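Please read the structure below before turning to the comments.
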Amino acid sequence: MKELSLHILDIAQNSIAAGCSLLELSLTEREGLLTLVIADDGRGMSPDFLAAVTDPFTTTRTTRKIGLGLPLLRLAAEQTGGDLSIGSTVGVGTTVTARFRADHIDCPPLGDMAGTVAALVQGAPGIETVYTHSTGRGAFTFDTREIRAVLGPDVSLAEPEVFQWMREYIGEQEETV
Amino acid sequence: MKSLEELKAIREKMQKQVGLREESDDNIRVVVGMATCGIAAGARPVLEAFLQEVDKRGLKNVTVSQTGCIGVCRLEPIAEVYVPGQEKVTYVKLNAEMVPKIVADHLVNQQVVTEYTIGAAE
C-alpha cells in the first residue's frame, strides 16, 4: 500500500463485511504523531480470533487462506516506530487504532483521503459513515447523515453523480486542515 | 467550492429519473474488486474512472458496484461486466486509462474490449 488512505480503504471493508451500520473514521495529527482510528458497530470478533487477527494466516475471506490487510497496516505503523491496537467485543463492534510517527522516513504519505471516503460510501451506501480529520491547523467532519438529509430517501449514495460530488467536497475540506 | 446546494440540485435532477436504474431490464452491472489485493494493485482509481465515465456519459442503465476478492489476485485490478443475456466479461490488470475504452466500446456499443480480458491475459 503506497498511501495510508489505501490502508484505511482496505481495513474499513472489514467493518462493512462485519455488517456495521455506523463506520467512524478519524485521523488526528498532533505533535508528530498521526493516529488513525477505524471504528464500527459490526458483529465484533471473539477473543481467539482477535488474538490471531494480525497473523497473515488468519482471514475471513473464502478465496484464500491468507489475509494481509491488518498485517500490512501493523507493519506500516511499526516501521515508523508507531503501533497498532485492536479492541473488539462480539455484538458490539471493533475499533482499530494505528499510530504513525509522521516525521519518520518510512511513514507513507496520507494520500487521497477524499477518494477513499467517497469510495467507501459508494460501496456501502446503506451504512452511515463519519470521517473526521483534525490537525493543528483545524478540523472538519464529513457525515453521510447530513448528505442523506439533503438527498432524501430516493437518491442512493452509490450514484456516480453523488460520488463525484462527495469526492470533490471532501477534497476541498481536506485542503483546510 | 462544492456546496450542499449543488447536492440539492443533484437530488432534484435524480428524482425525475428515480427507478430507472434498478427497474430497467437492460441494466448493465460493473463490479470492481476492492479487497486488499485489488486496492494494493490500484483498484481505487479504476473504480473512480468507471464512476466518472458513467456520470459523464449519463449512462442510466449502468450500475457500478464493489466486491471483495474475486480470486485471481495476481491479475488485479479486476472488473467484471454483466450484460443481461450475455456471458460475464472479466477485465484484468486494469488502470484508469483503460476504463474509458471499456465504457465506450463495451457498455455503450456492446463490443467487448478483448485485449483487456482475462482470456487475453492468460
| query | Does B:E53 meet the test of being among the charged types (D, E, K, R), closer than 29 Å to A:Y169 by Cβ and touching a Pro at 6+ places or on another chain (Cβ under 6 Å)? | reply | yes
| Residue satisfying condition, being assigned to a loop (DSSP other than H, G, I, E, B), out of contact with any Cys (no Cβ under 7 Å at 6 or more places or on another chain), free of Cβ contacts under 8 Å to residues at least 40 places away in the same chain and open to solvent by 10 Å² or more (accessible area, probe 1.4 Å), within set A:P108, A:P125 | A:P125
| remark: Scanning the stretch A:159-177 residue by residue, those within 7 Å of another protein chain (Cβ to nearest Cβ) and open to solvent by 20 Å² or more (accessible area, probe 1.4 Å) turn out to be A:E159, A:E161, A:Q164, A:E168, A:Y169, A:E172
| said: I'd like to check something: does the stretch A:133-149 contain any residue that is open to solvent by less than 30 Å² (accessible area, probe 1.4 Å), part of a helix (DSSP H, G or I) and within 8 Å of chain B (Cβ to nearest Cβ)? | reply: yes
| remark: Picking from A:L120, A:L72, A:L84, the residue that is in contact with a strand residue (DSSP E or B) (Cβ under 9 Å, 6 or more places away or on another chain) and within 13 Å of chain B (Cβ to nearest Cβ) would be A:L120
| field | Enumerated helices (runs of 4 or more DSSP H) restricted to the stretch B:9-122, each holding at least 2 residues that are open to solvent by less than 50 Å² (accessible area, probe 1.4 Å), at the interface with another protein chain (Cβ under 9 Å from one of its Cβ atoms) and over 22 Å from A:S15 (Cα atoms) | value | B:43-57
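The values are calculated or read from the model by the stated rules, or taken from the named source; none is laboratory data. Everything numeric in this text was worked out from a predicted model, so none of it was measured. So basically every Cβ, Gly included, is an ideal-geometry build from the backbone, and we count neighbours across all protein chains shown. Note: areas computed on protein heavy atoms with side chains; ligands, DNA, RNA excluded. Shrake-Rupley method; radii C 1.70, N 1.55, O 1.52, S 1.80 Å.
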